[in-house]
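J.: My questions will all concern the structure given below.
The values are calculated or read from the model by the stated rules, or taken from the named source; none is laboratory data. Note that the structure is predicted; figures quoted are calculated from it, not measured. Every residue, glycine among them, receives a Cβ derived from its backbone with ideal geometry; neighbour counts consider all protein chains shown.
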Amino acid sequence: MGILFFIIIATFLISLVSFIGAITLFLKENLLNKILLLLVAFSAGALIGAAFLDLLPEAISKAGRGENYIFNIFLFLIAGFCIFFILEQFIQWHHHHSVTHPEIKSFSYLILFSDGFHNFIDGLVIAGSFIASFPLGISTSLAVVFHEIPQEIGDFAVLVYGGLGKTKALFLNFISGTLAILGGVVGFLMFKRIGENILFLLPFTAGTFIYIAASDLVPQIKEEWRFKKSLIHFIVFLAGIAIMILMKIFIKE
């Protein structure tokens, strides 16, 4: 029971990282509107970086050299991409046939679903780390916290840009973050049954990240046709990727 207590505490603290987007609440409306698209570009880069430089390498490293495992990893990657494609089509169809909140863009919901699923997996990983050893659990939790900070800032910006009010976006982002707690409890109770199967959740999440970044966020920043702004957006996009590279280099789980 002692391990479960530390798992819950660690995942709860991680869920609080979702409130980091609150710093934008102190910005004036005009300034926030000016930097929103920059934060969308940053989020796109962070999602691409997380998918290709964190989630996929982690899954492949745990899979060993088995060809079937590697095949399944990329199969789950495609599954995540395709399922979110279908999900977005359903959301858009629902919006066209509903008068409730038609101004909210579909990728806002996708961000919440994908980030919630990612947080759930983080909880599973943290649970497994604490079960393995207490020091490993602490280091893994710290790694997840620092990894989540830039992504949560970008996610919050995307939610606001997608049409959600700032307060509502903050609240829903926090609810998404609390799925880390659920993942931690499930991981503790079912770790022996889940075992290595957790690695297939990593590429699935990577697929959802790639879909959101490539299908929804990048097209948003490409709508700006002026060379100077397009260049700035691309540099910020690269900065999002660079942050994930630095996280991978300097923060070891």
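J.: For the range 217-239, name all the residues that are in a helix (DSSP H, G or I) and free of Cβ contacts under 8 Å to residues at least 60 places away in the same chain.
T.: PRO219, LYS222, PHE227, LYS228, LYS229, SER230, LEU231, ILE235, listed by residue number.
J.: Another question, then. Checking the structure you have, find out if any residue of the range 96-104 is surrounded by fewer than 17 Cβ atoms within 10 Å (Cβ to Cβ), at pLDDT 80 or above and farther than 14 Å from PHE209 by Cβ.
T.: No - not one qualifying residue is present in the range 96-104.
J.: Within 15 Å of LYS248 (Cβ to Cβ), hydroxyl-bearing (Ser, Thr, Tyr) and either buried (at least 20 other Cβ atoms within 10 Å of the Cβ) or modelled with pLDDT under 85 (or both): does that describe SER61?
T.: yes
J.: Quick test for you: out of ILE83, ILE78, pick the one residue that is surrounded by 15 or more Cβ atoms within 10 Å (Cβ to Cβ), part of a helix (DSSP H, G or I) and among the β-branched types (Val, Ile, Thr).
T.: Going through ILE83, ILE78 in turn, the sole match is ILE83.
J.: Test PHE130 against the stated conditions and say whether it is modelled with pLDDT of 80 or more, buried (at least 23 other Cβ atoms within 10 Å of the Cβ), touching a Phe, Trp or Tyr at 6+ places or on another chain (Cβ under 9 Å) and part of a helix (DSSP H, G or I).
T.: Spelling it out, PHE130 is indeed modelled with pLDDT of 80 or more, buried (at least 23 other Cβ atoms within 10 Å of the Cβ), touching a Phe, Trp or Tyr at 6+ places or on another chain (Cβ under 9 Å) and part of a helix (DSSP H, G or I).
J.: Any chance you could count how many residues in the range 171-194 are hydroxyl-bearing (Ser, Thr, Tyr) and either part of a helix (DSSP H, G or I) or over 17 Å from ILE8 (Cβ atoms) (or both)?
T.: So the answer is 1.
J.: From the list ALA242, ALA214, which one is part of a helix (DSSP H, G or I), out of contact with any Gly (no Cβ under 9 Å at 6 or more places or on another chain), surrounded by fewer than 19 Cβ atoms within 10 Å (Cβ to Cβ) and of a type outside the set (S, T, N, Q)?
T.: From the options ALA242, ALA214, the qualifying one is ALA214.
J.: Another question, then. Here are some conditions: (1) over 18 Å from the mean Cα position of the chain (by Cα); (2) at pLDDT below 80; (3) of a type outside the set (D, E, K, R). ILE20 meets all but one. Which one does it not meet?
T.: (1)
J.: I need the full set of residues from the range 206-243 which are under 23 Å from LEU110 (Cβ atoms) and either of a type in the set (Phe, Trp, Tyr) or in contact with an Asp or Glu (Cβ under 6 Å, 6 or more places away or on another chain) (or both), in order please.
T.: Listed by number, the residues that qualify are PHE209, TYR211, PHE234, PHE237.
J.: Counting only residues that are under 30 Å from ALA41 (Cα atoms), modelled with pLDDT of 85 or more and out of contact with any Leu (no Cβ under 7 Å at 6 or more places or on another chain), how many does the range 183-211 have?
T.: Of the residues in the range 183-211, 2 are under 30 Å from ALA41 (Cα atoms), modelled with pLDDT of 85 or more and out of contact with any Leu (no Cβ under 7 Å at 6 or more places or on another chain).
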